[in-house]
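Undergrad: Okay, handing you the structure first.
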Amino acid sequence: MSEQVSIQRAILAVARDLIDVPERWCQGMTWSHGPAGARYCMMGALSTATQQLTPALGVFEFLDLVKCVRDTVREQLGLDTAVSSTVSVAAFNDAPTTTHEDVMLVFKHAIAKLEG
């Protein structure tokens with residue numbers, strides 16, 4: 001496993017852990033802080049995990065990570081990537097039909113893809 005893939009896998013694992021219970025996951029906003037603590041959408045969790053682990057990570061490396069998650073979303077939805085270029089991580093997260101379980105499954109599969 002290359003160093004970049006190891007870093008991406010670690011970021012995905014931390015992002016997943018940030019929203020590992022439904023009460024720490026949100027839709028319609030990147031993040032929020034309230035009496036119960038921080039809540040994140042998928043992109044908010046990815047961004048926060050990246051800042052925690054590798055604050056100097058370049059924008060292109062971050063976009064590669066987002067692309068990995070986006071491609072996993074498309075696979076989970078059974079979409080052809082050539083046809084479904086408009087499906088984004090944020091749109092998936094915020095869709096009324098998306099559940100916390102769906103989000104956790106995407107992180108699980110994205111991590112597995114990086115592990116080969």
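Undergrad: How about the stretch 1-32: which of its residues are over 24 Å from PRO96 (Cβ atoms) and not aliphatic (A, V, I, L, M)?
TA: If the condition is that a residue be over 24 Å from PRO96 (Cβ atoms) and not aliphatic (A, V, I, L, M), then SER2, GLU3, GLN4, SER6, GLN8, ARG9, ASP17 are the ones that fit.
Undergrad: Further question: Answer with yes or no whether ALA45 is buried (at least 20 other Cβ atoms within 10 Å of the Cβ) and either touching a residue at least 40 places away in the same chain (Cβ under 8 Å) or touching a helix residue (DSSP H, G or I) at 6+ places or on another chain (Cβ under 6 Å) (or both).
TA: Answer is yes for this residue.
Undergrad: Now for a separate question. Any residue at all in the stretch 75-86 that's touching a helix residue (DSSP H, G or I) at 6+ places or on another chain (Cβ under 8 Å), touching a residue at least 24 places away in the same chain (Cβ under 8 Å) and not β-branched (Val, Ile, Thr)?
TA: Yes, the stretch 75-86 contains at least one residue that is touching a helix residue (DSSP H, G or I) at 6+ places or on another chain (Cβ under 8 Å), touching a residue at least 24 places away in the same chain (Cβ under 8 Å) and not β-branched (Val, Ile, Thr).
Undergrad: Across the stretch 14-45, what is the total count of residues that are more than 15 Å from ALA90 (Cα to Cα) and in a loop (DSSP other than H, G, I, E, B)?
TA: So the answer is 4.
Undergrad: Would you call PHE62 of a type in the set (Phe, Trp, Tyr), at pLDDT below 95 and closer than 17 Å to ILE11 by Cα?
TA: Yes.
The values are calculated or read from the model by the stated rules, or taken from the named source; none is laboratory data. Remember, it's a predicted structure, so these values are computed and weren't measured experimentally. All Cβ positions, even for glycine, are placed from backbone atoms using ideal geometry, and neighbour counts span all protein chains on display.
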